[in-house]
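Below: one structure, written as structure tokens.
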Amino acid sequence: MNLLESIAATGVFLGAAALPAHAQSDAMVHEHPMSMQATFGSYPMTREASGTSWQPDSSPHGGVMGMWGEWQTMVHGFVDAIHDRQGGPRGDDKSFSASMLMLMAQRPLGSATLGLRGMFSLDPLMGKAGYPLLLQTGETADGRAPLIDRQHPHNFFMEMAASYSVPVGDGNSAYLYAGLPGEPALGPPAFMHRFSGLDNPEAPITHHWLDSTHVTNGVVTLGYVADRFKIEGSLFHGREPDQYRYRIEPGALDSRSLRLSYNPTQDWSMQASYGYIKSPETLSPQVDVRRTTVSASYNVRLPAGLWQTTAAWGRNASRPGVSLDGFLVESAASIGGRDTFFGRVEHVAKDELFGEDAPQAGRVFTVDKMTLGYIRDFPVAGSVKIGVGALVSGYRLPSALEPAYGSHPMSYMVFARLKLD
């Protein structure tokens, strides 16, 4: 049975179907991820997050694990059905679906490990303008005007990457990762891959300060793992995806980044990274960005669950332009495998809240956002769960923004989720 046949055998596309009975056959042996080989080194598989990033070793690792011959495989996915209501004069409402399908496979090649990854999303179906999200900025829906107070959809092709890692000495390793698209060594794990943030269907408004390069049209990363330390560098294409969300648009590897990661214990993961991003925004091709990020994630093991908190800081130094900081603290506690409480607080300086024709264009405003939410999961069959949840967001805005946003806007989302976990 080849890899494509094995994926089909799970009966899953974007988490939308239950596992068939024969998926438990001798051809597929589900294992706890702690017992499986990591892709980039001799440490627990649970340490690996999006791209080549790390999370705490004690993090849960969703997905259905399997074996086909020499290949270890994993399938993970979800579909969210969301009703979004953003308050205030610049708010809007929309019902839409967000989704992700992640496929992973790896096999030994002598003492080395070959890894393959694919990640896909049907987010383009929500439309090029994405969904309403107060204070969010970045990218474009039409190639002429920037998205403001809206979150862009992800591309259909989020990651198609391969890696090759080799042991070096006692417990150390070196690896090569290449993706089109892929994720360079810059920032913390992408928000939908952090346990502290994955149950929150809203993108952070600090997304373009921390992890917006997680979908990059061309990246090559070389890394070295020394026990609990990792140093890695990337060359990648700096331009962010445009409004054509079904396309892959490769370009020159004109940008670069460097990241140092450290997991001092099973419950901690830290990283510091720096990147030079060449002309990231389609509408401002003359502007380059120097991005610096620092983050830490910590797990508290509860009697019947896990509580993870992530704190992160990012700085975008635009040239020409100004340097702007963004701060994020997010937390999620899962209890009994069914109840998850989550929250996020952000403090960020934004200079893109008004179009170029507005008197406030280019002015910097420092804004705060706090989100609290809850989701309840119900097992359906095998590894499939249905969840029902809601969140509410409040804001603290400078008085100069009140004419545009109102004095105390409030937003909410209600959502249902089908998940393969």
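The values are calculated or read from the model by the stated rules, or taken from the named source; none is laboratory data. Everything quoted here is computed from the prediction, not taken from an experiment. Note that we place each Cβ from the backbone using ideal geometry, even for glycine, and neighbour counts take in every protein chain shown.
Within region 215-229, identify whether any single residue is in a helix (DSSP H, G or I), of a type outside the set (D, E, K, R) and within 25 Å of Val329 (Cβ to Cβ), and answer yes or no.
Going through region 215-229, the residues in a helix (DSSP H, G or I) turn out to be none.
No, that holds for no residue.
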Count of residues meeting criterion [modelled with pLDDT under 95 and assigned to a strand (DSSP E or B)] in region 282-296 = 0
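Just checking: which of the strands (runs of 3 or more DSSP E) contained wholly in region 27-131 hold 2 or more residues that are surrounded by fewer than 21 Cβ atoms within 10 Å (Cβ to Cβ), at positive phi and β-branched (Val, Ile, Thr)? Walk me through it before giving the result.
Values: elements: 64-68, 71-86, 93-109, 112-120.
So the answer is none; nothing clears 2.
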In region 259-266, is there at least one residue being among the small types (Gly, Ala, Ser), touching a strand residue (DSSP E or B) at 6+ places or on another chain (Cβ under 7 Å) and over 30 Å from Phe415 (Cα atoms)?
-> yes
Hey, could you check region 176-207 for residues that are over 9 Å from the mean Cα position of the chain (by Cα) and charged (D, E, K, R) and say which is farthest from Ser163 (Cα to Cα)?
-> Glu202
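One line per residue, one yes/no per condition, for (1) touching a residue at least 12 places away in the same chain (Cβ under 8 Å); (2) more than 26 Å from the chain's Cα centre (by Cα):
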{"position": "Ala317", "(1), (2)": "yes, no"}
{"position": "Gly321", "(1), (2)": "yes, yes"}
{"position": "Glu352", "(1), (2)": "yes, no"}
{"position": "Gly355", "(1), (2)": "yes, yes"}
{"position": "Ala358", "(1), (2)": "no, yes"}
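Somewhere in region 295-307, is a residue free of Cβ contacts under 8 Å to residues at least 24 places away in the same chain and not polar (S, T, N, Q)?
Of the residues in region 295-307, the ones free of Cβ contacts under 8 Å to residues at least 24 places away in the same chain are 303.
Checking which are not polar (S, T, N, Q) leaves us with 303.
Yes.
Identify the residue in region 274-298 that is polar (S, T, N, Q) and buried (at least 23 other Cβ atoms within 10 Å of the Cβ) and, among all such residues, is nearest to Glu356 (Cα to Cα).
Here is the first cut: in region 274-298, the ones polar (S, T, N, Q) are 279, 282, 284, 286, 292-293, 295, 297.
Now restrict to residues that are buried (at least 23 other Cβ atoms within 10 Å of the Cβ): 293, 295, 297.
Values: Thr293: 28, Ser295: 33, Ser297: 38 Å.
Out of the qualifying residues, it is Thr293.
Return the residue satisfying two criteria in turn: it lies in region 309-357 and is of a type in the set (A, V, I, L, M, F, W, C) and not in a strand (DSSP E or B), and of such residues it is surrounded by the most Cβ atoms within 10 Å (Cβ to Cβ).
Ranking the candidates gives Leu353 first.
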Within region 397-415, can one find any residue that is out of contact with any strand residue (DSSP E or B) (no Cβ under 7 Å at 6 or more places or on another chain), under 30 Å from Ser59 (Cβ atoms) and surrounded by fewer than 19 Cβ atoms within 10 Å (Cβ to Cβ)?
-> no
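Quick check on region 137-151: of everything there that is part of a loop (DSSP other than H, G, I, E, B) and in contact with a Lys or Arg (Cβ under 8 Å, 6 or more places away or on another chain), which residue is surrounded by the fewest Cβ atoms within 10 Å (Cβ to Cβ)? Break it down into steps so the answer makes sense when it comes.
Residues of region 137-151 part of a loop (DSSP other than H, G, I, E, B): 141-145.
Now narrow it down to the ones that are in contact with a Lys or Arg (Cβ under 8 Å, 6 or more places away or on another chain): 141-142.
Numbers: Ala141: 18, Asp142: 11.
Result: Asp142.
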Any idea which of Ser173, Ser196 is over 18 Å from Gly233 (Cα atoms) and either in a helix (DSSP H, G or I) or among the polar types (S, T, N, Q) (or both)?
-> Ser196
Would you pick out the residues in region 382-409 that are assigned to a strand (DSSP E or B) and over 25 Å from the mean Cα position of the chain (by Cα)?
-> Arg396
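For every residue, the table says whether it meets (1) within 17 Å of the chain's Cα centre (by Cα); (2) more than 21 Å from Pro184 (Cβ to Cβ); (3) charged (D, E, K, R).
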position: Ser111; (1), (2), (3): no, yes, no
position: Leu125; (1), (2), (3): no, yes, no
position: Glu139; (1), (2), (3): yes, no, yes
position: Arg144; (1), (2), (3): no, yes, yes
position: Arg150; (1), (2), (3): no, yes, yes
position: Phe156; (1), (2), (3): yes, no, no
position: Ser163; (1), (2), (3): no, no, no
Mind checking which residues of region 365-421 are within 30 Å of Asp351 (Cα to Cα) and among the polar types (S, T, N, Q)?
-> Thr366, Thr371, Ser393, Ser399, Ser407, Ser411
Pairs under 7 Å by beta carbon, first residue under 17 Å from Val220 (Cβ atoms) in region 259-284, partner at pLDDT 95 or above and among the aliphatic types (A, V, I, L, M), six or more apart or different chains?
-> Arg259/Ala185; Arg259/Leu186; Ser273/Ala185; Ser273/Leu186; Ser273/Leu258; Gly275/Leu186; Ile277/Val289
